[in-house]
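None of the figures in this text is laboratory data; all of them are computed from the coordinates on show. The structure displayed is predicted, hence computed values, not measured ones. As a convention, Cβ positions derive from the backbone with ideal geometry for all residues, glycine included, and neighbour counts pool all protein chains shown.
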Amino acid sequence: LESTRSHFGSRVFPCVVMTAAGSTWNKAGTWEEKDITSKLKEKLSEALVGRPMGDGTEVASVTSITGDSQILVIRGKPRVGFELVVKLKLSNGDTLTVKELDSTDLEGFHAECPNAKVKKEGPTEVVRVLQEVAATFLPDE
C-alpha cells in the first residue's frame, strides 16, 4: 500500500492506493486489509453533492455516512470492501436514506424516501457514485 494524492472533481484528496497485490511480507497474497473508511466517506460525500437523484431533485448535502470500508487483498487481488448507510438531504427538502450498502451485494440495499420516484432512482445513483469512488482506491490495471 502506498500513500498518494487523488484528484476527484475540483478537490485533491490524500488517499491510499494499492500498488501491488499485497505487501512484501505476504508473498502468497492470502488476506490483507487496510482501513480506508474516513477517506472513502470524504470522497463519497464530495462526489454525491449536486448529483441528480430523480424526479428533478439532487443531493443538497450529505447528512451522514456510517459504516466501514477497507482495501482488501484476497488471493493477490485488491478489492474495496464496505458496509455503509448513506443519508442525504435533497434539494426538494426530502431525505433519502440508503441502508445496507454492502460491497458483496450492491443490489441488496434498502431505501427510505417519501418521494417514490427518488426512492426508486436515487439509490441506484448512490451505488454508481460509490463504485466510481471505490475504484479510485484500486491500482490501474
>> More than 14 angstrom separation, counting every C-alpha pair in region 65-109; what % is that?
In response: 57
> What nm value, rounded to one decimal, do you get for the distance between S91 and V127 when each label is placed 7 Å out toward the C-beta?
Replying inline: 2.4
